[in-house]
Amino acid sequence: MTEFSNFGLAEPLLNAIISQGYETPTPIQKQSIPPLLEGRDVIGVAQTGTGKTAAFVLPMLDKIAKQPRPPGAKRCRMLILAPTRELASQIANDARVYGRNMRLRTTVVVGGMKPRPQIKALAQGVDIVIATPGRLEDHMAAGAVSLAHTEVVVLDEADQMFDLGFFPVIRRLMAQLPQKRQTVMFSATMPKAIVELAQEFLKNPAQVAAGPTSKPIEKIDQRAIPIPFNEKSDLLAKLLSEDTTYRAIVFTRTKHGADRVCRKLEEAGFAASAIHGDKTQVQRVRALSAFRDGHMPILVATDIAARGIHVEDVSHVINFDVPVTPEAYVHRIGRTARAGKEGVAITFYDPSERGLIRDIERLINFSLLPEGEGGADPRERSNRSRGKKPGQGASTRRPRDANRRPDTGNDRGGNTANRGGNKRPKKRRGKVPQRNGS
Ligand code: AMP
């Protein structure tokens, strides 16, 4: 029995949780699941990596398991809105995993995919639709689906939806939902616009938080490195060659920047792929799945493209370009140290960008600048180092031809992450490069 059994969740869900190996609910799950099971509205501040998806999906599945009923043609019982296709697909995967012992019909409704299969799935009626707002509105306008009988609606990563300009369409969608419903909202940060939206649509919500607003996950070893622009590529290659770097996301500010960095890495013999808004959905899905299964240990991404990346065991986030807003920094580094694991986040900056770093420091209340650059005593910073996992390769660098074939062995390519079974590898202490002269 796990602590999950205290929630009174339906048996099929408990069994799925046990098979997943979850032993205790995460803090956000402890706070959110009881009020959601009571049918209350919930507003939650939680970054990705805190277990927030299960926090809202498990109570939805519980309701479907305990109050089964056909959704009805062109209707959905529950709706989850997400800012990106990748996030929507990831939520759908999680829902299928948690709901695998029960009868459940889920459909992903996102742009960039053919609409016909989505229309067909909606026609039969669906338990949970996971959608990006624009495509859902298109289907509603075409009469493919109605929200008039939807019982639960979740807005995930509300701050990203705001940044992407989705609030007008969200307001139109919300107007189509019945008054009597359960509304749930999760956001990594809680700016004024989100609070206002919550006041508009949530009734007496339970407020939950996985930690102080806008604070990054504590287990991340974070630092900023001053470096002139023309030396960034060499330093990046050096960091990616380190033993402790086995799966990394490199962030750039622009799509061209992402392509340029990716090209340079490939020239230097790294297995990298870029994802950004100009890539087709097929390219993005392919790059993400190669990253997830370890064939492609480096992903170069822009902020928007990276929003839906939910990959375990990302050892490093490297900000090749300083994020333009402090909130974007929090989102970027949230890609590592997921679910209580450790991770490293390194930010390259030009001396002229020191102000941007200071803004980030103010938001996260944590010193990033090195000593002598106006930073705090480095001893104040987290001094965790990251252990490489056996079987996950020595580093991200590998011969280029290895990009083109699936790897089956433990070569030094770093492309075998998460392969070779589900054994939790033993950690060993590893030095973090470029740190205190080491
Ligand atoms: P999320 O914040 O929803 O993206 O979740 C991050 C990761 O944590 C997911 O890959 C989940 O599989 C994992 N996770 C969620 N809940 C738990 C739990 N109670 N114990 C361990 N891992 C969990």
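Annotation note: trypsin sites (Lys or Arg not before Pro) in segment 1-109 located in DSSP loop regions with a Cβ neighbour count of at most 11 within 10 Å are ARG103.
Hey, which of these cross-link pairs are over 20 Å Cα-Cα: LYS232/LYS255; LYS63/LYS120; LYS219/LYS264; LYS30/LYS180; LYS52/LYS255?
Numbers: LYS232/LYS255 17 Å; LYS63/LYS120 25 Å; LYS219/LYS264 30 Å; LYS30/LYS180 25 Å; LYS52/LYS255 29 Å.
Beyond 20 Å between Cα atoms: LYS63/LYS120; LYS219/LYS264; LYS30/LYS180; LYS52/LYS255.
This model, with +1 at the C-beta of Lys and Arg and -1 at the C-beta of Asp and Glu, gives segment 3-210 a dipole about its Cα centre of some 860 debye. Amide H contacts of TYR349 (H built 1.01 Å from N, in plane; Pro and chain starts excluded): ILE225, ILE227 sit under 5 Å, all sequence-distant by 5 or more or on other chains. In segment 43-89, a dipole from Cβ-located charges (positive for Lys and Arg, negative for Asp and Glu) runs towards its positive end, and of GLY49, LEU81, GLN67 it is GLN67 whose Cα lies farthest in that direction.
Were the residues from ARG96 through ARG358 laid out at 0.36 nm apart, the gain over their Cα-Cα distance would be 90.1 nm.
Does segment 252-323 classify as rounded, prolate or oblate by the C-alpha gyration tensor (a ≥ b ≥ c root eigenvalues; a/c under 1.5 gives rounded; else a/b over b/c gives prolate, otherwise oblate)?
Numbers: a/c = 1.21, a/b = 1.09, b/c = 1.11.
Cα axes put segment 252-323 in the rounded bin.
Shape class of segment 3-210 from the Cα gyration tensor (axes a ≥ b ≥ c, square roots of the eigenvalues): oblate, since a/c reaches 1.5 or more and a/b does not exceed b/c. Sites listed here are trypsin sites (Lys or Arg not before Pro) in segment 117-183 whose DSSP assignment is loop and whose Cβ has at most 15 other Cβ atoms within 10 Å: LYS180.
Bear in mind these aren't lab numbers, they're just calculated from the coordinates by the rules spelled out. All of these numbers come straight from a predicted model, not from anything done at the bench. FYI the Cβ positions are ideal-geometry reconstructions off the backbone, even for glycines, and counts take in every protein chain you see.
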